[in-house]
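The values are calculated or read from the model by the stated rules, or taken from the named source; none is laboratory data. Please read all numbers here as calculations on a predicted model, not as lab measurements. We place every Cβ from the backbone using ideal geometry, glycine too, and count neighbours over all the protein chains shown.
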Ligand code: NAD
Ligand code: MG
């Protein structure tokens, strides 16, 4: 049967890759809703190509502009806007599959709505799960939602786990690989001076700017350890991080008998996206077959927690539990935005997150409201700390 999709964050990097795979299989997938924040022109192009029933944007002004252009082109797509409209398309009976590809905390409420509505959820938006952990996983379980990880490492782990995906027959460890980002070998004393463009120049992957900065600080890997903990139910001590600069092995699972299973492929998000879209089938993703003779060498090393303090901070937040991960995530979002706007230096990202974690009390993540309050408090605290930091030269 054809799958009908809501694509949250369709104008981003994951959104693009998803629509590229969808377009290759019109008999398998059709689009019910596309959503964007402010990039109305790109959304219009996507609507004209994929003819969704509904398009959602962030505000009334963008909605009016998108509506005008769609009508002029003869499109019947209905245009709505705002957070409530995002949740509506995520839980609508008219779709069965929701691709969660909004960046950051803004994705939490619609992705949770999809879980509560028992959808098949293709999860790229790791921040939503990092914030809401058990609340999200419980909502998915109680409502029969199926979670399919799109993040390349988690998709790799999912492929290497025993066939039920979340059963732990003999699993000893999950090994998340990490490229080490653009600054893996850079002289640490020069990191204070790096620019947003340097930080966004990832050696292997092409991604949105926020996750690119997270990859440069390795906060991304920290968020992924937390994501893996919730998705696969293993404690932090059984989730290892291994630097693997080529990004060919996307992650591994080790077993009690000494076996280690790995998933390999070229670093292109269309592979995990196609896997999750078609699961349990396999379909063409447009990605070239891996040529290991061409790759020739695979290297591995341990992560350096002094060079990448954000990785250690995320591990600490996971160990603390409660709302600490939501606090970490919110402080990081604010700090990364300040770095991208050249308000703070690169190393001040970790400094800000650390200071916010120390300044705020941790408490049990008892409800969504508690999590959202912790998120808001961490954002306020981060802005205050950033105010006291020097503007980089
Ligand atoms: P991106 O910045 O390229 O795209 C983000 C999308 O979210 C856009 O469509 C944007 O319009 C929308 N958006 C932004 N702010 C919003 C808001 N406040 N409300 C509603 N919509 C909003 O980001 P991306 O690189 O595609 O990443 C998306 C998510 O996928 C992130 O959580 C990221 O960590 C995760 N992810 C991305 C990659 C990758 O290769 N890009 C890999 C793994 C995981
Ligand atoms: Mg990843």
Inset, instruction - Kindly indicate whether residue 304 is surrounded by fewer than 17 Cβ atoms within 10 Å (Cβ to Cβ), out of contact with any helix residue (DSSP H, G or I) (no Cβ under 8 Å at 6 or more places or on another chain), part of a loop (DSSP other than H, G, I, E, B) and not assigned by TED's automatic domain parsing to the domain that holds residue 223. - result: no
Inset, instruction - Can you tell me which residue among 234, 191 is more than 11 Å from ligand 1 (Cβ to nearest atom) and either in contact with a strand residue (DSSP E or B) (Cβ under 8 Å, 6 or more places away or on another chain) or part of a loop (DSSP other than H, G, I, E, B) (or both)? - result: 234
Legend entry - Condition broken by residue 220, with the remaining ones in (1) near ligand 1 (Cβ under 9 Å from one of its atoms); (2) assigned to a helix (DSSP H, G or I); (3) over 12 Å from the mean Cα position of the chain (by Cα) satisfied: (3)
Inset, instruction - Out of the residues in the range 269-281 that are more than 12 Å from residue 28 (Cβ to Cβ) and either assigned to a loop (DSSP other than H, G, I, E, B) or in contact with a strand residue (DSSP E or B) (Cβ under 6 Å, 6 or more places away or on another chain) (or both), state the one that is farthest from ligand 1 (Cβ to nearest atom). - result: 280
Inset, instruction - Would you please name the residue that is farthest from ligand 1 (Cβ to nearest atom), looking only at residues in the range 194-203 that are part of a loop (DSSP other than H, G, I, E, B) and buried (at least 18 other Cβ atoms within 10 Å of the Cβ)? - result: 194
Inset, instruction - Look through the range 190-215, keep the residues that are within 12 Å of ligand 2 (Cβ to nearest atom) and more than 21 Å from residue 105 (Cα to Cα), and return whichever of them is nearest to the chain's Cα centre (by Cα). - result: 205
Inset, instruction - Run down 215, 251 and say which single residue is outside any loop (DSSP other than H, G, I, E, B), closer than 17 Å to residue 152 by Cα and free of Cβ contacts under 8 Å to residues at least 40 places away in the same chain. - result: 215
Inset, instruction - Say whether the condition of being surrounded by 14 or more Cβ atoms within 10 Å (Cβ to Cβ) and within 14 Å of residue 10 (Cα to Cα) is met by at least one residue in the range 77-84. - result: no
Inset, instruction - Return yes when residue 103 is within 22 Å of residue 52 (Cα to Cα) and within 14 Å of ligand 2 (Cβ to nearest atom) and no when it is not. - result: yes
Inset, instruction - Determine which single condition residue 153 fails, assuming it passes every other condition in (1) more than 10 Å from ligand 1 (Cβ to nearest atom); (2) crowded, with 23+ Cβ neighbours inside 10 Å. - result: (1)
Inset, instruction - Determine if the range 135-147 includes at least one residue that is within 12 Å of ligand 1 (Cβ to nearest atom) and touching a helix residue (DSSP H, G or I) at 6+ places or on another chain (Cβ under 8 Å). - result: no
Legend entry - Elements of type strands (runs of 3 or more DSSP E) contained in the range 60-143, each with 1 or more residues being in contact with a strand residue (DSSP E or B) (Cβ under 6 Å, 6 or more places away or on another chain) and without any contact (Cβ under 8 Å) to a residue 40 or more places away in the chain: 78-81, 120-123
Legend entry - Given (1) within 12 Å of ligand 1 (Cβ to nearest atom); (2) more than 24 Å from residue 162 (Cβ to Cβ); (3) in contact with a strand residue (DSSP E or B) (Cβ under 8 Å, 6 or more places away or on another chain), number of the condition residue 180 does not satisfy: (1)
Inset, instruction - Give the residue that is surrounded by the fewest Cβ atoms within 10 Å (Cβ to Cβ), with candidates limited to residues of the range 1-54 that are within 16 Å of ligand 2 (Cβ to nearest atom) and not in a helix (DSSP H, G or I). - result: 12
Inset, instruction - Considering each residue of the range 237-268, count those that are in contact with a strand residue (DSSP E or B) (Cβ under 7 Å, 6 or more places away or on another chain) and within 12 Å of ligand 2 (Cβ to nearest atom), and give that number. - result: 3
Inset, instruction - Out of 391, 371, 356, report the one residue that is under 30 Å from residue 186 (Cβ atoms) and in a helix (DSSP H, G or I). - result: 356
